[in-house]
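Read through the structure below, which is laid out as structure tokens, and then see the notes.
Read-outs: derived from the displayed coordinates by stated rules, not from any lab. Nothing here was measured: the structure is a model prediction, and the numbers come from that model. All Cβ positions, even for glycine, are placed from backbone atoms using ideal geometry, and neighbour counts span all protein chains on display.
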Amino acid sequence: MIKIVNRRVPLDLLCVLLLITLWLLFFWRIFTPNAANQLSLKEGDFSGQFVAWAVYQAQRLGAGQLPIWNPYNNSGHPFLADTQSAVFYPPRLITLMLVNGLTKPTAGSMYNALQLEMAAHVLLGTLFMYALLRRLLTADLRAGCAGALIGALIFGYGGYLTGYPPLQLAVLEAGIWLPLMLLALHEAMRADRLDWRWIVAAGAALGISLHAGHPQTSLQAIYVSCAYLAYRSWQQKYSWRTFAAALITFGAIGGGLAAVQLLPGWVFSHQTARNANFTFDSQGNGFPLYDIAQFIVPGIVSVWSPLYFGVVGLALALLAVWRRVSGALFWCGCAAIALGLSFGHNTIIYDIFYLLIPGFSLFRGQERAAYTVAVCSAVLAGSGASYLLQQMPLAQNATQAKLPDRYQTVLRGTLGVTAIVALIFFMRWQLTESGAELDKLMLITLSLIVGGLLIGLLSLINNGRLTGHWPHLALIGLVAFELFTFNRQTILTDYDAVPALDRLKTPLIVQPAQADHDGVFRVDGQRGILENYGNIYGLMDIRGISPLRLDRYEKLLGLPAGRLWQLLAVRYVFTDNNALPIPSTVIATGSDPLGKINLHKLDDPIPFAHLVYRTWIAADDSGALNALGDPNIDLRQTVVLTADPKVALPVDTSNTGSAQVLDYAPESFTIKTSSATPAILDLSEVNDGGWQATLDGQPVPILSANLALMAIVVPTGDHVVQVRYQPLALTVGGMISGGMLILVSLGMIGLSVRRRVTSVLSK
């Protein structure tokens, strides 16, 4: 036994070091200090959403503040409640802590930091998958290590994780924790009795995944984990009570630890435009059926190829299923269901899940089920590789390996079909001389080469001409060659030869607005600022690119521009227009990626806070929107409400009062009012229901005003109004997460002590 243990440690360590080396090779162009060779992710969602928000989060955390509300997008946005902000995600907190400790959190430094965070998560995913497969593949040491290494490479560098997830950090970071959950569940159910410590560990991994900010990916992880828990319980002959208790504990711990993020997110999601517009047709989009070709050749039918995990990986996965390797039918079943779901309403499978399975009616983009296909395919391919290597002859001229003849015939037939397809594309290219046809021909040719190499390798193994450790190294090398050749090119199409630290420099045209410190105002960054860059420039923009936006605010954005700017206290407008519908002055000109732009300063903008003495009562949102768009209603004197404020406003409004903003911070602001009569304080702040107000220290109600904003009734005289953002869902969620964290810590200590005492007594 001692010799076995001593052999295992160095071999596993060697495999881990190889995974790290290959990871460095795959991402070397973002690690290199040579600026001439350095690449960085292109601007888009990665920079426009994740980098921009991380800059804001780093600045707030660096000041010792929790970023709950974001004033820089959408005229105010519930930052923490938007799950993709990942406010409590542990790896993100580590990244931000390092950025704040090592440098100033600028756009460039954050760009670089999040790129490294992205790459680190790919490495983590491969290590988690390796650990899972090492536990599953225990029949033969060398074959198990090689199979685990191959499965890890396929998971980390297959078409899914090297496609769009690196640009969508929340998708990537929520997805890499599933292998760790599965490993913990497997460890919990290895013996006759359930080991509850590992159930707790699985729940903790789920909680981390939920904090990463992509609930759709985490939901898939939950269902795969639950299915595996049921499968292993059946294998181990556990009672249904044990299974149910483990399932409830796993879910309760994961959900409890993430409640501080999930509960505010749940409340917010039910107020968003996306939730209001969700229907079966809008949610059921997925892959077209012809995308099944991605299994053989990536990039032939679409830009991304998330279903691709290599010709070699596909062959090994089919071998595992063909030979009924332990667990293969389970993983094949999960992959098949996920594949059907990834086609959305192009197959009946999604309809069934939409109607019967909780959670599937909450999300769109069903092609993201490719995530589950990727995980299951990696496990199957690793299992197939382990099986193959166990069948090989131990020495040259020994008995042939036991590879089924039909399996080899299928591989040769597939290779022949691929060769015919390559010939067809060659002829089309000759006729059209199209660059697109040539690109496809090159991809098919490379698949053909890899397939030929695989058949040659299998022949050498099967005939006993390749023995010892060479088959293991050859198979690993072929998998790495294929995936790195294909998917390195795929991901590099979304790199750009600009060093990360040089990204997102502040345009000159933005600087005049940045230099204006006279009160609270907003800008319309329909041009010039773009995306969520208001966070980077420190300008409160009325626009943003978060996929979640309050439904009422979304409706507000449909108003005529002049009315919209008045409602939202806009002072500056970035646009390509030379004139605006309301009086303004062009104070600067410049350009953005779309062309020339002008910076307009409005001549007489409505302030952020002002007193009004007229109300317009609308019966519903539609009536409020119509009133706000009516040019006969003066927004300087009138506020549109949905209920009677029950205040005696003066008939004569000639003697108006004043409202002065004393201080403004993201989650609180203070206003001093002075009026000879009762009035209504009209505020250009988005109201999502989480705001609370006091008047001279006493709580007062906040009125729903101007469809998506807020107002407060103020009596005669001088008063101080303070408004704070204190959502109840955050308080409740924080209490649940804090309580669960304490409970889990005490539980783990108790279980460990109990296990140690039991072990001592048994001796």
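Quick one: which residues, 5 or more positions from SER584 or on another chain, have an amide H under 5 Å from its amide H? H modelled 1.01 Å from N in the peptide plane, none for Pro or chain starts. Placed amide hydrogens put ASP603 under 5 Å from SER584. Cross-link pairs exceeding 28 Å between alpha carbons, from the set LYS104/LYS555; LYS555/LYS672; LYS505/LYS596; LYS104/LYS601; LYS505/LYS601; LYS42/LYS104: LYS104/LYS555; LYS555/LYS672; LYS104/LYS601. Residue by residue, the stretch 565-572 carries 3J(HN,Hα) couplings of 4, 5, 5, 9, 6, 7, 10, 10 Hz when phi is fed to the Karplus relation 6.51 cos²θ - 1.76 cosθ + 1.60 (θ = phi - 60°); x denotes Gly or Pro. Normalised radius of gyration (Cα atoms, divided by 2.2 N^0.38 Å) for the stretch 508-602: 1.02. Projecting label points 7 angstrom from Cα along Cα→Cβ for LEU25 and ASP576 puts them 4.6 nm apart. What aspartates and glutamates could a cross-link reach from LYS237, if we take a straight Cα to Cα line under 15 Å and drop same-chain neighbours fewer than 8 places away? In chain and number order, the partners are ASP192, ASP195. When peptides 475-482, 523-530 are ranked by their average number of other Cβ atoms within 10 Å per residue, the highest-first order is 523-530, 475-482. Largest first, the three principal axis extents of the alpha carbons in the stretch 24-98 are 40, 24, 19 Å in whole numbers. Here the label points at LEU557 and ILE248, each 7 Å from Cα along the C-beta direction, are separated by 4.4 nm in the simple model. On the principal axes of its alpha carbon atoms, the stretch 196-349 extends 47, 43, 26 Å, with the longest extent given first. In summary, the convex hull built on the alpha carbon positions of the chain has an orientation-averaged projected area of 39.2 nm².
Per the Debye calculation on the stretch 629-763 with a single equal scatterer at every Cα and no solvent contribution, log₁₀ I(q)/I(0) for q = 0.13 Å⁻¹ amounts to -0.66.
Taken along the Cα-to-beta-carbon direction at a fixed 7 Å, the label points for GLN391 and VAL647 span 8.1 nm. Computed from backbone phi with θ = phi - 60° and the Karplus coefficients 6.51, -1.76 and 1.60, the 3J(HN,Hα) list for the stretch 297-308 is 10, x, x, 7, 10, 7, 5, 9, 9, x, 7, 7 Hz; x is used for glycine and proline. For THR272, the residues whose amide H sits under 5 Å from its own are ASP551, ignoring neighbours fewer than 5 places away on the same chain, with H placed 1.01 Å from N. Computed from phi, the 3J(HN,Hα) profile of the stretch 716-732 under the Karplus parametrisation 6.51, -1.76, 1.60 (θ = phi - 60°) reads 4, x, 9, 9, 10, 9, 10, 10, 10, 9, 9, x, 4, 4, 5, 4, 5 Hz, with x in place of Gly and Pro.
Can you give me the Cα centroid spacing of the stretch 583-619 and the stretch 78-144 in angstrom? Between the Cα centre of the stretch 583-619 and that of the stretch 78-144, the gap is 41 Å. In the chain, the calculated helix contribution to ellipticity at 222 nm averages -17000 deg cm²/dmol per residue, counting -39,500 (n - 2.57) for every DSSP H run with n ≥ 4. Within the stretch 213-253, none of the chymotrypsin sites (Phe, Trp or Tyr not before Pro) combine a DSSP coil assignment with at most 12 other C-beta atoms in a 10 angstrom radius.
In plain terms, the chain from LEU116 to ASP439 could stretch by 113.2 nm, reckoned as 0.36 nm per residue minus the Cα-Cα distance. Measuring between their Cα centroids, the stretch 224-253 and the stretch 262-326 lie 26 Å from each other. Sorting the segments 645-656, 664-675, 331-342 by their residues' average number of neighbouring beta-carbon atoms within 10 angstrom, most packed first, yields 331-342, 664-675, 645-656.
Using only Cα atoms, tell me the angle between helix 470-492 and the longest principal axis of the chain; keep it within 0 to 90° and round to the nearest 10. That helix lies at roughly 20 degrees to the long axis.
If R0 is 25 Å, the Cβ-Cβ spacing of ASP516 and LYS104 corresponds to a FRET efficiency of close to 0.65. Between helix 370-391 and the chain there is an angle of about 20 degrees, using the helix long axis and the longest principal axis of the Cα atoms. For TYR164, nonlocal amide neighbours, meaning residues 5 or more places apart or on other chains whose placed amide H falls under 5 Å from its own, do not occur. Compute the FRET efficiency between THR585 and SER269 as 1/(1 + (r/R0)^6), taking r as their Cβ-Cβ distance and R0 = 41 Å, and round to the nearest 0.05. For THR585 and SER269, the calculated efficiency is 0.50. Relative to the longest principal Cα axis of the chain, at what angle does helix 178-188 sit, 0 to 90 degrees, rounded to 10? Tilt relative to the chain: about 60 degrees. Within straight-line reach of LYS440, meaning a Cα separation under 18 Å, sit the following aspartates and glutamates at least 8 residues removed in sequence or on another chain: ASP291, GLU482.
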